[in-house]
There are 2 protein chains.
Amino acid sequence: MREVFQQSLREVQDRLVEIASLVESSITAATTAFGESDVALAEGVIDNADEIEEMAATLDQLAIDILARQQPVASDLRLVVGALRMSASLERMADLAQHIAQLARYRYPESAIPKGLKKTFARMGALDVEMAGKIVELLRTQEAAVIDEVRDLDDDLDELHAKVFEKVLSDKLANDPTGVVDATLASRYHERFGDHAVSVAKQMQFFLSGTLE
Amino acid sequence: MREVFQQSLREVQDRLVEIASLVESSITAATTAFGESDVALAEGVIDNADEIEEMAATLDQLAIDILARQQPVASDLRLVVGALRMSASLERMADLAQHIAQLARYRYPESAIPKGLKKTFARMGALDVEMAGKIVELLRTQEAAVIDEVRDLDDDLDELHAKVFEKVLSDKLANDPTGVVDATLASRYHERFGDHAVSVAKQMQFFLSGTLE
């Protein structure tokens, strides 16, 4: 019985790593699709989001079964409860990657990136990709040090998000409402992606230490 | 023991109703603050979000304690697991009300609503308020019929969200990048608020029927 239980917990962890890896692939592809107006790549990201949704639902069911049958306590309980929350965050991250890819597809063959913001969005995308990679690492290694790295990356992302608004509200984009909308949404999607990565990191902190701060 | 357990479950439900009621107050105030550029009201919404965050954390702790000590099964387990997810959605709804209020505060004494969109945003706000009210009702009465009402309201909201983009991308807002940004963000916040209300409704469906569809 104990062995079955340990195996279920390992399966929770493995599934989290698997979903997070797919989220990492999605945001990587979404960033490239957005930067290079690559419609085929964008379609792939959109398909991925459905797959991740299914994987998250399967993980949730596994977690609920463990709660019902094996009544975990202490850090085991925190892992299972954390998995339910992390699956929701990872699913949202996949949705946001999908939204970024959709912007690229809507504007194709034009670019969804307004002039003067190409470098900023490349940097935001790179930060999101790096955060997603750190989440995979954190879920796999359970190393608490990675949690702070995720938070630091999110601070950089928030700075860039503020910069996008400065730029968008400057005169340069007057007469380009489409560019203003795209930049506003894309920047918001990138920023939210980072917030959800921080949520996952916080859940891992809760699992590892029993506190959320 | 059984009585203590039933009491804990009632407390979970009561706390959900309490948080949802505060979310309803928040979105009501945020909608008025946004529509009438009422800064004092906006500040109240911003304070509320912190209170709701604390209430959600307390509810999460209660749910985790119940899982650890009372090992619920079947619909009791679904309520407790659902509470963990619903608290996250309700907290996000409070954040979104806060974001709407913040837009009003940033633009004060100007209006955050670009010309020609006042009625649309009043309608979006009214829909969000109605959805929040339905969520309170659903949590209190556990009446499955309310779930579909929430979904119907969300469909109306999505239509308005699409309309805002049409308007924003028409010529009328050229030369008003601030208006385009505000309208884009406000519309997105309203739409996401509705999505989270639907998430709460889905969790209640899961609790009541054992399925998510």
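Please report the spacing between the Cα centers of region B:175-192 and region A:22-79 in Å, no decimals.
29
Suppose every K and R has +1 on its Cβ and every D and E has -1 on its Cβ; what is the size of the dipole of region A:2-209 about the Cα centre, in Debye to the nearest 20? Mind showing how you got there, number by number?
Numbers: 22 positive and 37 negative charges, 63 e Å.
Rounded to the nearest 20 debye, it is 300 debye.
Dipole of region A:50-198 (Lys/Arg Cβ +1, Asp/Glu Cβ -1, origin at the Cα centre): which of A:Ala101, A:Pro72, A:Val150 lies farthest to the positive side?
A:Ala101
With each label point set 7 Å from Cα along the Cα-Cβ vector, what nm distance links A:Arg2 and B:Arg140?
Modelled inter-label distance: 5.0 nm.
Calculate I(q)/I(0) for the protein assembly as shown by the Debye formula, one identical point scatterer on each C-alpha and no solvent, and give its log10 at q = 0.09 Å⁻¹ to two decimals.
Computed log10 I(q)/I(0) values: -0.56.
Restricting attention to region B:84-180, which trypsin sites (Lys or Arg not before Pro) occupy a DSSP loop and are surrounded by at most 14 other Cβ atoms within 10 Å? Spell out each step's value before the answer.
Numbers: sites: B:Arg85, B:Arg92, B:Arg105, B:Arg107, B:Lys115, B:Lys118, B:Lys119, B:Arg123, B:Lys134, B:Arg140, B:Arg151, B:Lys163, B:Lys167, B:Lys172; in loops: B:Lys115.
Qualifying residues, ordered by number: B:Lys115.
Which one of B:Ala88, B:Ala197, B:Ala74 has the biggest mean-square fluctuation once chain B is modelled by GNM with Cα springs under 10 Å?
Greatest mean-square fluctuation among the candidates belongs to B:Ala74.
Of all chymotrypsin sites (Phe, Trp or Tyr not before Pro) in region B:104-185, which ones are in loop regions per DSSP and have a Cβ with at most 12 other Cβ atoms within 10 Å? Could the numbers behind the result be given before it?
Details: sites: B:Tyr106, B:Phe121, B:Phe165; in loops: none.
Filter output for region B:104-185: empty list.
How big is the charge dipole of the protein assembly as shown about its Cα centre, in debye rounded to the nearest 20, if each Lys and Arg gets +1 on its Cβ and each Asp and Glu gets -1 on its Cβ?
The calculated dipole for the protein assembly as shown is roughly 240 debye.
Number of Lys-Lys pairs in region A:55-213 under 29 Å by Cα, sequence gap 8 or more or different chains?
Lysine pairs meeting the criterion: 15.
Each label point is 7 Å from the Cα along the Cα-to-Cβ direction; what then is the distance between the points at A:Asp152 and A:Arg69, in nm?
Those two pseudo-labels are separated by 4.3 nm.
Tell me, what HN-Hα J-couplings in whole Hz come from the Karplus equation 6.51 cos²θ - 1.76 cosθ + 1.60 at θ = phi - 60° for each residue of region A:175-181, using x for Gly and Pro?
Karplus values, whole Hz, x for Gly and Pro: 6, 10, x, 4, x, 5, 4.
Using only Cα atoms, find the angle between the long axis of helix A:39-70 and the longest principal axis of chain A, and express it within 0 to 90 degrees, rounded to the nearest 10.
20
Please arrange A:Ile64, B:Ile147 by counting, for each residue, the other beta carbons lying within 10 Å of its beta carbon, fewest first. Intermediate results must be reported in sequence, preceding the final value.
Details: A:Ile64 16, B:Ile147 20.
Fewest-to-most Cβ neighbours within 10 Å comes out as A:Ile64, B:Ile147.
How big is D, in µm² s⁻¹, for region B:2-209 by Stokes-Einstein at 37 °C and 0.692 mPa s if Rh is the Kirkwood radius over C-alpha pairs? If you can, show how the numbers build up before the last one.
On the way: Rh = 17.6 Å.
Taking Rh from Cα pairs, D becomes 186 µm²/s.
Return the distance in nm (one decimal) between the two label points of a simple spin-label model at A:Ala40 and A:Thr58, each offset 7 Å from Cα along Cα→Cβ.
Using points 7 Å along Cα→Cβ, the separation is 2.7 nm.
In a Gaussian network model over chain B where Cα atoms closer than 10 Å are linked, find which of B:Gly35, B:Gly116, B:Gly44 has the largest mean-square fluctuation.
B:Gly116
Where a number appears in this text, it was derived from the coordinates with a stated rule and is not lab data. Keep in mind that what you see is a predicted model, and the values were worked out from it rather than measured. No Cβ is skipped: glycine too gets one built from the backbone with ideal geometry, and neighbour counts run over all protein chains shown.
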